[in-house]
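Here the structure comes first, spelled out in C-alpha cells, and everything after it is commentary.
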Amino acid sequence: MHRIPEKIHELTVGQLSARSGAAVSALHFYESKGLISSRRTSGNQRRYSRDTLRRVAFIRAAQRVGIPLATIREALAELPEERTPTRDDWARLSETWRSELDERIRQLNRLRDHLTDCIGCGCLSLESCVLSNPDDVVGERLTGSRLMAVSRRKTSDA
Ligand code: FES
C-alpha cells in the first residue's frame with residue numbers, strides 16, 4: 001500500500017486511488033455523485049484534500065455492506081459542514097443501517113431457499129414466483145412450481 005508523507009495535504013487522483021484502493025474511474029464517479037470533492041489546479045488537475053481518504057474508506061465500507069450510494073450521500077450530507085465522518089459517525093450510521101441490512105439478508109435467504117423451485121421452472125409468474133415477486137404473500141408459503149403441482153393434484157382428484 002502506498003504511504004503518503006504527512007506533509008502532503010493534497011492528493012492527486014492517482015495517489016488517492018493508490019492509497020484508497022478505489023479505481024480512478026470510481027473516484028470520478030463518486031465525485032460526479034457529490035460524495036467527494038476536489039479543487040482544480042491552474043492546469044485543471046484534480047486535487048483532493050487528505051481527509052478525502054477517510055471519506056472514500058467510509059463510502060467503500062458502506063458499499064461493501066450493500067448500502068446504496070444515494071443513502072451514503074445523504075448520510076455524508078448530514079454531517080456538519082460536510083466534514084469527514086469520524087469513528088463515532090460510522091458507529092452511529094452503521095447502527096441505523098443494521099435493520100435495513102437485516103431485512104435485505106432475510107430477503108436474500110428467502111430467495112436462496114426458494115431458488116431450487118425455480119430451477120427448471122421458467123414461469124417467472126408475478127403471482128407465485130419468489131424471484132419475480134419477492135414480496136408476494138402466496139410466494140411466502142409456496143413457490144409457483146409447488147403451487148402448480150398442488151393445483152394439478154386438486155384437478156386430478158376432482
Ligand atoms: S420460475 Fe420461479 S416459480 Fe417458476
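Here are the numbers for the structure shown:
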{"read-out": "GluC sites (Glu not before Pro) restricted to the stretch 1-106 and DSSP loop, no more than 16 other C-beta within 10 Å", "value": "Glu6"}
{"read-out": "Global geometry of the stretch 1-114, whether rounded, prolate or oblate, following the gyration tensor of its Cα atoms and the 1.5 cut on a/c", "value": "prolate"}
{"read-out": "His28, His114, reordered so the largest accessible area comes first (probe 1.4 Å)", "value": "His28, His114"}
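The values are calculated or read from the model by the stated rules, or taken from the named source; none is laboratory data. Only a predicted model underlies this, so the values are computations on that prediction, with no experimental measurement involved. With ideal geometry, Cβ positions are generated from the backbone for all residues, glycine too; neighbour counts draw on all protein chains shown. Each accessible area value is taken on the protein alone, full model and side chains, heavy atoms only, with ligands, DNA and RNA left out. Shrake-Rupley method; radii C 1.70, N 1.55, O 1.52, S 1.80 Å.
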